[in-house]
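Down below is the structure, laid out as structure tokens.
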Amino acid sequence: MKIYIRSTGNISPQNSLNKDLFFSTRLKTLNNYFKCPEPDYASFVDSKMIRRMSRIVKMGIAAAMTCLRDAGIENPSAILTATAYGCLEDSSAFLRRMIEFEEKMLSPTAFIQSTHNTVGAQIALLLKSHSYNNTIVHSSFSFENALTETGLLLQEGLGPVLVGAVDEITDDRHSILSRFGLYRKSGKSEGNIAGEGASFFLMDSEPGNNPQAILKDVQTMYNPENAAVVQQSILDFLQFNGFNMDQMDLILTAHTGNQKLDEADDQLLKTIFQHNPCYPYKSLCGDYPTATGFALWFAALLLKVQKPPSWMEGYKFPMKNILIHNHTGNDHHSFLLISAC
Amino acid sequence: MDNLKEQLKEQIIERLNLKDLKPADIGDDQALFVEGIGLDSIDALELIVLLQQEYNIKLSNAEDGPRVFHSVRTMADYITANNAPAKVST
Amino acid sequence: MSGPVFIAGLGIITCIGNNLSTNLQSLDEGKSGIGKMQWLQSIHQGDLPVGEVKCSNAELAAAAGLSPKLPRTALLSALAAQEALLDAGWDKTSVLRTGFISANTVGGMDKTEKFFELFSKDPAAGKLADVVYHECGAVTGLVAAHLGIRHFMSTVSTACSSSANAIFTGDRMIRAGLLDFALVGGADALTRFTLNGFNTLMILDKELCRPFDENRQGLNLGEGGAYLLLASEKGLKQLNKKPYACVSGYANANDAFHQTASSPEGTGSFLAMKGALDKAGKQPSDMDYINLHGTGTLNNDIAEGTAISRLFGPAYPKMSSTKAYTGHTLGASGAVEAVYSVLAIQHGLIFPNLRLLTPMKEFPFRPVTIHLRNQRVQHVMSNSFGFGGNCTSLIFSAT
């Protein structure tokens, strides 16, 4: 069974809602975080609903609605949302108020919008959709596990499936993660840049009118013993799907800009990736647990349009197959394989 | 009383994030819930907190809500009747 | 590959018992565990009864073989998960593929709250160690590592239906041939965040809750952890034991009515229950017992009851809400009640709906209020309906 990516919708630190602009202009950041430029949400949600929504919920809805509109679908058979951090802004807001007011006179809105399933629930509410609805929250395997579930649902005859990944960076979260020494220090070129985004996909066993790409396979790998095991696993993953490394026209790598974390990626560049064109996708979207959502969107776009953005020089087209690799702290590794239709 | 109603309208707009509305858009007797402004059960809970925080009145029985929060006028009447010092900003 | 998918092991910790046998004993004796807050520090200690597990973090940690500095949710999860694996006779050196699919809604929030007390006043303050396991997925990861499960892990968080969704996800993966064993379920500890959050919604009862009673006033929050070890036929052969029951049906539907309230017609509930029956190839009349979601809130019980009337009427199976024993254990509730459903099948028991004095006037049926023993319990439906309209029904059947 083939899994077609029928349409996509993406809010990211790049101009991903406007494909022409995305292709012509690459956005950079001078800070150690990458914030998403946001659309006018009024075209996606009416003001009565939008007034309670936090930023991440609005971003998720905008990406999901864009995806559905592009496919001309109003009611998908399933809605899956992946998020590692959940609704941080509302969680922080409720926590702070709870502490400040010593558990007295608290109001409900921030609490009810803080639950991890809020994005998926609000999409269902907006669409008045009674369909299957699930939220997966497993760190940087969240989106990959949601894709695995998508495949299983499609195999059971449920389709099309709306599946997406959302994560946001808030001041509180950034402040805390900075204290862990995660991010680039001011004036330095070394270190991660925090990212965020909302990426939605309509996946189906049927191609629909204008499919973007085909998701061939996805695999996760927890806590590999060493670099050699990672390399072999990637080769086995490709072989299982009837491919070898030579057939990968592009590899989207998980480089973050943090030397220590990137050791695993540099090892791959020196070994099994050494003959392939590679591109570090986190330089576009920043580092966050569900960044493979952005990578999948990017890969599908390149395979559909079959030309590089003006700022991505030296890459040959046409491209048939793209491999995405992600890892977090070298213990959560994942591989995604996408092919042109 | 008029000052109180004006103040209530501003507070309702701010607390419920009704960005599209101005105080002049909310009639004194206009229904706040279901029809009219179209508020829902979560908004009712927010207004209960508003009464506590701004007017020192505790509405402990949620069933009184529909009557008290029917309109800005009924809210103002309730605040006045409960002898709470109406914190009207000057 | 397809089914059947067997339930080979059970593990549970709640306010009515620290393991399977003490939970069963309390159910059998009609002993609720809801009462005055003892461990959670909150201004509501005196006025909101809760279903607290009767152990300090230090005691939980000692029993689990983990650090007492870890989030309480992780400790509850580890204990219940360990019991399920031991109960099944699962061997971590087995070459068969085991997945851990766990649910929670609070993650490490009990520790994060402490951190925020200092951090909210000064961004350089607060112990970073307190937020390392804040994320829901991080709690699952740490418990998986402790159990020695590496092949596959995932975390589900859909409010009150979370662990019910984790259960069917494991079933689905086994049927698809991706796993041989799936340790599925969830845990949630009480936190000030959830206690205060629910309090803002004015749906907490200041007395002991009375699910499906005409005069019910709301729910009591609880905490706990519960897991089932699901096994394929191949997995069951390796364990060489008799299964408790099997998973025979499930469905997930969304109410799409309101962020927190259920539609008066109980649309999501109806679709979930009907979908589960369809998947199991069963009729409403095949159900011997429904473990109700039955939180005791005005809204849930009428919505769920309405859906039950539509689907089962006029011949209603026996039913009860065990939340009158445990309180609402949020992310753990689907799994806690799944374990109780399986115990009902295994022992031929129907547990009473405690404290139901006046049946709801809207319905011609009423939950069971006395212990029924030596019953023929072949098929049990367990309901979990949550915020965000996430509704799930599971069906377990005797093998």
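The values are calculated or read from the model by the stated rules, or taken from the named source; none is laboratory data. Because the structure is predicted, anything quoted here is derived from the model rather than measured. Here the Cβ is made from the backbone with ideal geometry for all residues, glycine too, and neighbour counts use every protein chain on show.
Here are some notes:
- So residue C:245, is it within 14 Å of chain A (Cβ to nearest Cβ) and touching a Phe, Trp or Tyr at 6+ places or on another chain (Cβ under 9 Å): no
- Taken over region B:5-50, the criterion of being β-branched (Val, Ile, Thr), surrounded by 15 or more Cβ atoms within 10 Å (Cβ to Cβ) and more than 9 Å from chain A (Cβ to nearest Cβ) is satisfied by B:12, B:13, B:26, B:37.
- Screening the candidates A:80, A:162, A:147 for the property of being part of a strand (DSSP E or B), more than 7 Å from every other protein chain (Cβ to nearest Cβ) and within 23 Å of residue A:325 (Cβ to Cβ) yields one hit, A:80.
- Count of residues meeting criterion [out of contact with any Lys or Arg (no Cβ under 6 Å at 6 or more places or on another chain), farther than 30 Å from residue C:205 by Cβ and either part of a helix (DSSP H, G or I) or among the aliphatic types (A, V, I, L, M) (or both)] in region B:12-70: 8
- Note on region C:26-126: no enclosed helices (runs of 4 or more DSSP H) hold 2 or more residues that are at positive phi, aromatic (Phe, Trp, Tyr) and modelled with pLDDT of 95 or more.
- Residues satisfying the stated conditions in region C:279-298, i.e. more than 16 Å from residue C:394 (Cβ to Cβ), over 17 Å from the mean Cα position of the chain (by Cα) and either surrounded by 23 or more Cβ atoms within 10 Å (Cβ to Cβ) or not assigned by TED's automatic domain parsing to the domain that holds residue C:318 (or both): C:297
- Being buried (at least 24 other Cβ atoms within 10 Å of the Cβ), over 27 Å from residue C:396 (Cα atoms) and touching a helix residue (DSSP H, G or I) at 6+ places or on another chain (Cβ under 8 Å) is not true of residue C:105.
- Out of C:325, C:316, sole residue that is touching a helix residue (DSSP H, G or I) at 6+ places or on another chain (Cβ under 9 Å), touching a residue at least 12 places away in the same chain (Cβ under 8 Å), among the aromatic types (Phe, Trp, Tyr) and surrounded by fewer than 20 Cβ atoms within 10 Å (Cβ to Cβ): C:316
- Applying the condition of being more than 7 Å from chain A (Cβ to nearest Cβ) and in contact with a strand residue (DSSP E or B) (Cβ under 8 Å, 6 or more places away or on another chain) to region C:109-154 and asking which residue is nearest to residue C:194 (Cα to Cα) yields C:139.
- Complete set of residues in region C:49-98 that are aliphatic (A, V, I, L, M) and surrounded by fewer than 22 Cβ atoms within 10 Å (Cβ to Cβ): C:58, C:61, C:62, C:63, C:66, C:86, C:95, C:96
- Residue in region C:222-240 that is closer than 18 Å to residue C:162 by Cα, surrounded by fewer than 22 Cβ atoms within 10 Å (Cβ to Cβ) and either within 14 Å of chain A (Cβ to nearest Cβ) or touching a Cys at 6+ places or on another chain (Cβ under 9 Å) (or both) present: no
- Every condition in (1) more than 8 Å from chain A (Cβ to nearest Cβ); (2) in contact with a strand residue (DSSP E or B) (Cβ under 9 Å, 6 or more places away or on another chain) is met by residue C:157 except one, and the failing one is (1).
- Among the candidates C:271, C:219, C:208, the residue that is out of contact with any Phe, Trp or Tyr (no Cβ under 7 Å at 6 or more places or on another chain) and under 15 Å from residue C:382 (Cα atoms) is uniquely C:271.
- Among the residues of region C:173-187, those identified as within 18 Å of the chain's Cα centre (by Cα) and more than 12 Å from chain A (Cβ to nearest Cβ) are C:182, C:183, C:184, C:185, C:187.
- Scope region C:248-262; condition closer than 17 Å to residue B:42 by Cα, more than 8 Å from chain A (Cβ to nearest Cβ) and not polar (S, T, N, Q); matching residues: C:261
- Residue match in region C:193-205 (condition: more than 10 Å from chain A (Cβ to nearest Cβ) and over 23 Å from residue C:388 (Cα atoms)): no
- Whichever residue in region C:375-391 is touching a Phe, Trp or Tyr at 6+ places or on another chain (Cβ under 9 Å) and either away from chain A (no Cβ under 14 Å) or hydroxyl-bearing (Ser, Thr, Tyr) (or both) and, among such residues, is nearest to residue A:108 (Cα to Cα): C:382
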